[in-house]
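Trainee: Got a structure for you, written out below as structure tokens; questions coming shortly.
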Amino acid sequence: EYMGGIDIRYSNKGMWGNGCYFAQHAAYSHSYSCQSDPSTRVLFFCRVALGTCLTQPNNPSIKEPPKGADSIHGVTQGHNIYIVYRLNQSYPEYMVTYKSTQLPTRSTVIQQAIQP
């Protein structure tokens, strides 16, 4: 039964297993945002109930936090990431739509250069 929050059933396995991943800074989440058109992106600003949060090394086989913990904290590329494994631990409070000002990557520049 759906209990609200971000639905873990639609998540992909990540560095800390199947969970809902939240970054401390939106800049990290930019590459995971939905692209509604070539220059517009969408992110959710969420409230997350971390409870007792334990720092763990990455392990893709994690299915739930260790005993006595409610969530996991991890660090990747210098960014703090928080992972929850239950539906009722997150609430999407705002949907944020923004224009992307990200510079084109090397591959998009090459593709543009070889197009007739």
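Trainee: Looking only at the stretch 18-36, count how many residues are open to solvent by less than 80 Å² (accessible area, probe 1.4 Å) and either assigned to a helix (DSSP H, G or I) or free of Cβ contacts under 8 Å to residues at least 24 places away in the same chain (or both).
Mentor: Within the stretch 18-36, residues that are open to solvent by less than 80 Å² (accessible area, probe 1.4 Å) and either assigned to a helix (DSSP H, G or I) or free of Cβ contacts under 8 Å to residues at least 24 places away in the same chain (or both) number 5.
Trainee: Got a number for residues in the stretch 20-42 being at pLDDT 85 or above and not aliphatic (A, V, I, L, M)?
Mentor: Qualifying residue count, the stretch 20-42: 9.
Trainee: Would you pick out the residues in the stretch 6-24 that are under 11 Å from the mean Cα position of the chain (by Cα) and not aliphatic (A, V, I, L, M)?
Mentor: Passing the criteria: S11, N12, G14, G19, C20, Y21, F22, Q24.
Trainee: Output the residues belonging to the stretch 1-17 that are closer than 21 Å to M95 by Cα and open to solvent by 90 Å² or more (accessible area, probe 1.4 Å). Walk me through how you get there before you give the answer.
Mentor: At the first step, the residues of the stretch 1-17 found to be closer than 21 Å to M95 by Cα are 2-12.
Scanning the stretch 1-17 gives Y2, M3, R9, Y10, N12.
The values are calculated or read from the model by the stated rules, or taken from the named source; none is laboratory data. Quantities reported herein were computed from a predicted structural model and do not represent experimental measurements. All Cβ positions, glycine included, derive from the backbone under ideal geometry; neighbour counts span all protein chains shown. To get the accessible areas, we keep the full protein, side chains included, count just its heavy atoms, and leave off ligands, DNA and RNA. Shrake-Rupley method; radii C 1.70, N 1.55, O 1.52, S 1.80 Å.
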